[in-house]
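Novice: Provided herewith is a single structure, encoded as structure tokens, for subsequent inquiry.
Readers should treat all values here as calculations from the given coordinates under stated rules, not as data from a laboratory. Computed from a predicted model, the values in this text were never measured in an experiment. Heads up, the Cβs are rebuilt from the backbone with ideal geometry, glycines too, and the neighbour counts pull from every protein chain shown.
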Amino acid sequence: MSPMNVTRKNHGEGEVLIESVRTILFDFDGTLVFHKPDSFDIVSDFCSDIGQPLDEETARRGRRMRHEYFVDPAIRSELDGLSRDEFWDHFNRHLLEGMGIAGDLDRLAQEVSARFAEAEMVYDCPEAGGKTLGTLQGRGYRLGLLTNRENVDRFHDLLEQFDLPRYFSMILAAGEVGVSKPNPCIFRAALERMQASPEEALYVGDNYWADVLGAEAAGIRPALLDPMGLFPEAECIVLASIEELLAHL
């Protein structure tokens, strides 16, 4: 296959031409598969219900914090040994505190966790994702899937539920290798399994800290799925939707 070109738009710097993309790696949650209802919407509704509605800037900060929480080394060190319930209490407390919510944060965090437990959470794989993967596959790109999921069995159940394995020549979860994004080692492990070099690879994900910075640390060019414009600092391909990727290739 002849090398493909990717057009990248840096903020205020015009277009940058990136050549020779042959391998494209994708994130899973928030990129191809989504939770419904959105977990942050549950938090936002809770804040409104207790008389502390979030303004636009606070909600934006909270959504960014949600992304950063799962990759912050200081936070991750606090999570060792926590049960599932304790983990979600910790997560919700961190979010409420960071957004400036007043009150007994431990109690409020537990109330948010209770709402999560009561919500009928389902997974959704929008049709646009499958169509994009199929188009890329048809163009001759080699596709891989790289996720921070620790529960490998649950991850593979979801893959089968949405008939996603057919698109990928490599699928790797953090739970299989004991290291997670943004650690560049997991990106290198994925490339090694695909027998691909960083120079020919592109990584597509929705988390600036895990996906963009992690990919760059491994020498891989990133593309950020950021429909809400949460990460203006990202100097890489920025996509408002997954299908926009096709226009860059």
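Novice: Nothing charged except the Cβ atoms of Lys and Arg (+1) and of Asp and Glu (-1): what's the magnitude of the dipole of the stretch 38-118 about its Cα centre? Round to the nearest 20 debye. List each step's numbers first, then the result.
Specialist: Values: 10 positive and 19 negative charges, 47 e Å.
In total the dipole reaches around 220 debye.
Novice: So, one more: Quick one: angle between helix 152-161 and the longest Cα principal axis of the chain, in degrees between 0 and 90, rounded to 10, please.
Specialist: Long axis of 152-161 versus the principal axis of the chain: about 70 degrees.
Novice: By DSSP, what percent of the beta bridges with both residues in the chain are antiparallel, rounded to the nearest 5? Walk me through the numbers on the way to the answer.
Specialist: Working: 9 of 29 bridges.
Of the beta bridges lying entirely in the chain, close to 30 percent run antiparallel.
Novice: So, in nm, how far is label D49 from label V177 when the simple model puts each one 7 Å beyond its Cα toward the Cβ?
Specialist: Modelled inter-label distance: 4.0 nm.
Novice: Something else now. Treating the angle as unsigned and between 0 and 90°, give the value, to the nearest 10°, between the Cα long axis of helix 84-98 and the longest Cα principal axis of the chain.
Specialist: With rounding to tens, the tilt is 80 degrees.
Novice: Run the numbers for R84 and F162: contour at 0.36 nm per residue of separation, minus the present Cα-Cα distance, in nm.
Specialist: Details: separation 78, 0.36 × 78 = 28.08 nm, distance 2.56 nm.
The R84-F162 span can extend by a further 25.5 nm.
Novice: Of the GluC sites (Glu not before Pro) in the stretch 208-249, which ones lie in a loop per DSSP and count no more than 14 other C-beta atoms within 10 Å? Can you show the working numbers first?
Specialist: Numbers: sites: E216, E233, E235, E243, E244; in loops: E233, E235.
Those that pass, being in a loop and sparsely packed, are E233.
Novice: Under a point spin-label approximation (7 Å from Cα along Cα-to-Cβ), what is the D72-S197 distance to one decimal in nm?
Specialist: With each label point 7 Å from Cα toward Cβ, the separation is 3.9 nm.
Novice: In addition: Could you tally the net charge around F34, taking each other residue with its Cβ under 10 Å from the Cβ of F34, Lys/Arg +1 and Asp/Glu -1?
Specialist: My count for the surroundings of F34 gives -3.
Novice: Can you tell me how the stretch 38-118 classifies by the Cα gyration tensor, rounded, prolate or oblate, using a/c under 1.5 as the rounded cut?
Specialist: Cα axes put the stretch 38-118 in the oblate bin.
Novice: Suppose R0 equals 51 Å; then what is the FRET efficiency for E127 and D104 from their Cβ-Cβ distance, rounded to the nearest 0.05?
Specialist: Values: r = 44 Å, r/R0 = 0.86.
Plugging the Cβ-Cβ distance into 1/(1 + (r/R0)^6) gives 0.70.
Novice: Taking the chain as the reference, fit the longest principal axis to its C-alpha atoms, fit the long axis of helix 39-49 to the helix C-alpha atoms, and give the angle between the two in degrees, 0 to 90, nearest 10.
Specialist: 30
Novice: What is the packing order of peptides 208-215, 102-109, taking the mean over residues of other C-beta atoms within 10 Å and listing the highest first? All intermediate terms of the calculation are to be shown ahead of the outcome.
Specialist: Numbers: 208-215: 24.4, 102-109: 14.0.
Most protected by this proxy first, the peptides run 208-215, 102-109.
Novice: For the chain, what does -39500 (n - 2.57) per DSSP helix run (n ≥ 4), summed and divided by total residues, give at 222 nm, in deg cm²/dmol to the nearest 500? Could you put the intermediate results ahead of the total?
Specialist: Working: 10 runs with 102 residues, N = 249.
The per-residue figure over the chain is -12000 deg cm²/dmol.
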